[in-house]
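No lab work stands behind these numbers, since they all come straight from the coordinates. All figures in this text were calculated on a predicted structure; none of them were measured in a lab. Don't worry about glycine lacking a Cβ; one is built from the backbone with ideal geometry, like all the others, and counts go over all protein chains shown.
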Amino acid sequence: MKLKKIHPGLAQSLEEAGLTEPTALQKETFGTIKSGVDLVIVAGREEAKTTTMVIHVIQRLEKEFQESPRALIFVQDKAKVLEVLEMFKTYGDHTDLRVYGVHDKGDIDYDKNQISLGIDVLVGTPVRLGEMFSSAGYDINQLKMFIIDDADEILKLRHDTRIERISNGIAKTQRLFFTNTITDRVESLADRIMIEPLFYEFDGEEEEEDEDWDGDENRQ
């Protein structure tokens, strides 16, 4: 993919997966996500939002580091957990990032034991993540990214309070929402847990030039 200072392992994995050119959404949001601001991205299901999310997590974290998770990703259900894990396996194949997924049908004690061995990215459903964070002592000060994928679908199921409770325990991190549409619940939660959130609504039209696509490295 044409991106300056992209992690070499990520670049190699993307090429091997046939992703040699960024999508319009990826080009238009790359600089903004990379800057570290809190952001709500609104785009249709066909715009590869989840792929965009995975690429940015790999680029930001780059490599294995310590034991506690540095990216926390909320997804809707077990099927989505497995989908996201497969994406990390494909696009992070040439990095040593440790990614683990949890869902409501899994064994919570087994999950806790596996996570205690050390991970970089934790993907899970709101219910299971809520249970784990309320009973385990994770060092959330290591978190660099707090992400909700398909935020409109998740919040429709009234997981607002559970997600907000976890967020409130985190002093500083980048918060990202990827959503198919902006709803009252999405907007309300963003206003409560984000710092001066930006709302970006993708219209499907690619700009002629995007200098940020070849910009500086992620802000730490």
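Based solely on its DSSP helices, what 222 nm [θ] is calculated for the chain when runs of n ≥ 4 H residues each add -39,500 (n - 2.57) and the sum is averaged over all residues, nearest 500 deg cm²/dmol?
It comes out at -12000 deg cm²/dmol, rounded to the nearest 500.
Comparing Q12, Q26, Q66, which has the greatest mean-square fluctuation in the GNM of the chain with Cα pairs linked when under 10 Å apart?
Answer for the Gaussian network model of the chain: Q66.
I want the local charge near N141. Using Cβ-Cβ distances under 11 Å, sum +1 for each Lys or Arg and -1 for each Asp or Glu among the other residues.
Local net charge: +2.
Pick the calculated Cα extents along the principal axes in Å for this structure from [x] 49, 39, 30; [y] 56, 37, 25; [z] 69, 33, 33?
[x]
Where does the charge balance sit around S13 when Lys and Arg score +1, Asp and Glu -1, over other residues with C-beta under 12 Å from its C-beta?
For residues surrounding S13, the net value is -2.
To make sure I understand, if each residue's beta carbon is the centre and we count other beta carbons within 10 Å, what order do I115, I41 fall in, fewest to most?
The order, fewest Cβ neighbours first, is I115, I41.
Quick one: compute the contact order of the stretch 23-205, relative version, from alpha carbon pairs under 8 angstrom and 6+ residues apart, as a percent.
RCO, the stretch 23-205: 34 percent.
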